[in-house]
Amino acid sequence: MERDIPLPYLRRLNRLYEDWFRRWNLSPVMRLETDRLDWLTDLVDRADLFRRIERYLD
């Protein structure tokens with residue numbers, strides 16, 4: 001079903017999320033680039049993700 005979503009719509013939605021994210025100031029924000037992470041099945045990626053989150057929370 002997602003293949004039928006028009007690309008211009010997805011690009012605009014992404015821009016809106018990015019704008020909202022930039023303006024958010026009610027709490028600290030941790031940004032995680034997950035494009036190349038497989039934290040569901042790769043134990044190394046998962047451990048790295050958890051380590052980064054724990055460091056951020058300390």
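Can you give the net charge of the other residues whose Cβ lies under 14 Å from the Cβ of Thr34, counting K and R as +1 and D and E as -1? Intermediate values should be presented prior to the final figure.
Numbers: positive: Arg31, Arg36, Arg46, Arg52; negative: Glu33, Asp35, Asp38, Asp42, Asp45, Asp48.
For residues surrounding Thr34, the net value is -2.
Exposure proxy ranking for Met1, Met30, based on other Cβ atoms within 10 angstrom of each Cβ and starting from the fewest, stands as Met1, Met30. Going through (i) 85; (ii) 112; (iii) 134, the figure that equals volume of the Cα convex hull per residue in Å³ as computed for the structure here is (ii).
Helix 43-57 and the long axis of the chain differ in direction by around 80°, with both axes built from C-alpha atoms. Here the calculated FRET efficiency for Leu49 and Arg3, from their Cβ-Cβ distance with R0 = 22 Å, stands at 0.20, rounded to the nearest 0.05. Between the helical axis of 7-23 and the longest alpha-carbon principal axis of the chain there is an angle of about 50 degrees.
Any read-out appearing in this document is the output of simple, stated calculations on the displayed coordinates, not a laboratory observation. Keep in mind it's a predicted model, so treat the numbers as computed, not measured. Cβ sites come from the backbone with ideal geometry, for glycine too, and all protein chains shown count toward neighbours.
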